[in-house]
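Shown next, in structure tokens, is the structure this report addresses.
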Amino acid sequence: MIDDAFLTALPKAELHLHIEGSLEPEMMVALARRNSVAIPFKSVEEVRAAYSFTDLQSFLDIYYAGAGVLRTEEDFHDLALAYFDRAAADGVVHAEIFFDPQTHTHRGIPFDVVASGLFAGIAAAEAKHGMTVGLIMSYLRHLDEDDAFATLAQAEPWLDRFVGVGLDSSEVGHPPSKFARVFAASRERGLKLCAHAGEEGPPAYVHEALDVLHVDRIDHGNRSLEDHALVARLARAGMTLTVCPSSNVALRNVASLDVHPIDRMLDLGLRATIHSDDPSYFGGYIGENFRAVAAARNLSREQVVTLARNSFLGSFIDDAALAGHLDRLDAFVKAH
Ligand code: HPA
Ligand code: ZN
């Protein structure tokens, strides 16, 4: 068994985190009160009791409802800073996080309010914790491509500050190819490309993310394991899969952590990493994901260090920053 303190302090990058999914029940109730927004829960306990999911959609319904309490720049700042405080305590030295602009613009919150608040939280976290942060704008795939284009237009004044775009929400029935044009336009603007694929959707969706969207990173990707040729291709390409063990179990894509395929992915030569997805909803931040899956799968020290190393290799930082992070990771491992 690896020491929990080692796993917590191990330097790592967070590459798969929806900031709206870090809204803790306490903050949800406090912001509902601060903004006079009605929520169907009387207490923090009632919010928590509602967190029992059967699949991705049953989670998304609660996740979008919860995001309704976020209204002002200050709310987005507070949400982001609360997340970065937890991430820093979990050894995160670099984070590339998602936000869902359409979740907010569709209920009348201007894009600029969301972006200003998040960037204020990011600036505070960079100063307070010395971490670096990139922001990724995710398109909601249950909406149409025109809506994604409208979002890209709203994002225009901010584009040089975003590192990339992503694709999330209800996967099955909304294949990556639905967003081929807006991903091409996003790449032309200099943005990196990520897409959730193979979380609930079939391996064909992972193929589409590669062949049609030309993504730089696959989020989740678990169902790639059903397709041997795809596994070989992902391994050959050194494609990063941002895996989220607690999320996989909470949304019933994996029966339990005891049978989680994270070590099989490494054995197959896949560049898998470990992240937290929506930690407030799925029972733990990145440190808890590392600790829980390492214990459940009896991972070796070498395997967890590989997972941490992969998180830096899969990030969108430049070569000098990458070399610095890898040197510090090696020094940490030597010293512990
Ligand atoms: N999958 C798809 N969309 C999401 C998720 C997820 O795990 N979390 C937030 N939006
Ligand atoms: Zn996700």
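Within the stretch 209-250, being open to solvent by 50 Å² or more (accessible area, probe 1.4 Å) and within 16 Å of ligand 1 (Cβ to nearest atom) holds for one residue alone: Arg223. The residue pairs whose first member lies in the stretch 302-320 and is touching a residue at least 24 places away in the same chain (Cβ under 8 Å) and closer than 25 Å to Asp4 by Cβ, whose second member is open to solvent by less than 20 Å² (accessible area, probe 1.4 Å) and of a type in the set (Ser, Thr, Tyr), and whose beta carbons are closer than 8 Å, counting only pairs six or more residues apart or on different chains, are Leu307/Thr273; Asn310/Thr240; Asn310/Thr273; Ser311/Thr273; Leu313/Thr240; Gly314/Thr240; Gly314/Thr242; Gly314/Thr273.
Scanning the stretch 95-108 for residues that are open to solvent by 10 Å² or more (accessible area, probe 1.4 Å), within 21 Å of His196 (Cβ to Cβ) and either of a type in the set (Phe, Trp, Tyr) or away from ligand 1 (no atom under 15 Å from the Cβ) (or both) turns up just one, Thr105. Scanning the stretch 204-230 for residues that are closer than 17 Å to Leu56 by Cα and assigned to a helix (DSSP H, G or I) yields a count of 3.
Note on the stretch 111-150: residues that are open to solvent by 60 Å² or more (accessible area, probe 1.4 Å) and under 21 Å from Ser169 (Cβ atoms) amount to 4.
Yes/no per residue for (1) within 30 Å of Ala123 (Cα to Cα); (2) within 16 Å of ligand 2 (Cβ to nearest atom); (3) open to solvent by 10 Å² or more (accessible area, probe 1.4 Å); (4) hydroxyl-bearing (Ser, Thr, Tyr):
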{"site": "Gly166", "(1), (2), (3), (4)": "yes, yes, no, no"}
{"site": "Gly190", "(1), (2), (3), (4)": "yes, no, yes, no"}
{"site": "Leu193", "(1), (2), (3), (4)": "yes, yes, no, no"}
{"site": "Pro261", "(1), (2), (3), (4)": "no, no, yes, no"}
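Just to be sure, is Leu159 modelled with pLDDT of 95 or more and open to solvent by less than 10 Å² (accessible area, probe 1.4 Å)?
Against the criterion (modelled with pLDDT of 95 or more and open to solvent by less than 10 Å² (accessible area, probe 1.4 Å)), Leu159 does not qualify.
Residue count for the stretch 1-54 satisfying the condition of being more than 16 Å from ligand 2 (Cβ to nearest atom), in contact (Cβ under 8 Å) with a residue 40 or more places away in the chain and among the β-branched types (Val, Ile, Thr): 3.
Report yes if Thr306 is among the hydroxyl-bearing types (Ser, Thr, Tyr), over 30 Å from Arg48 (Cα atoms) and either out of contact with any Asp or Glu (no Cβ under 9 Å at 6 or more places or on another chain) or part of a strand (DSSP E or B) (or both), otherwise no.
Details: among the hydroxyl-bearing types (Ser, Thr, Tyr): yes; over 30 Å from Arg48 (Cα atoms): yes; either out of contact with any Asp or Glu (no Cβ under 9 Å at 6 or more places or on another chain) or part of a strand (DSSP E or B) (or both): yes.
Yes.
Scanning the stretch 143-162 for residues that are in contact (Cβ under 8 Å) with a residue 24 or more places away in the chain, farther than 28 Å from Leu251 by Cα and out of contact with any Ser or Thr (no Cβ under 8 Å at 6 or more places or on another chain) turns up Phe149, Ala155, Pro157, Trp158, Leu159, Asp160, Arg161, Phe162.
The values are calculated or read from the model by the stated rules, or taken from the named source; none is laboratory data. What you see is a predicted model, and the numbers here were worked out from it, not measured in a lab. FYI the Cβ positions are ideal-geometry reconstructions off the backbone, even for glycines, and counts take in every protein chain you see. The area values use the complete protein model at the heavy-atom level, side chains included, leaving out ligands, DNA and RNA. Shrake-Rupley method; radii C 1.70, N 1.55, O 1.52, S 1.80 Å.
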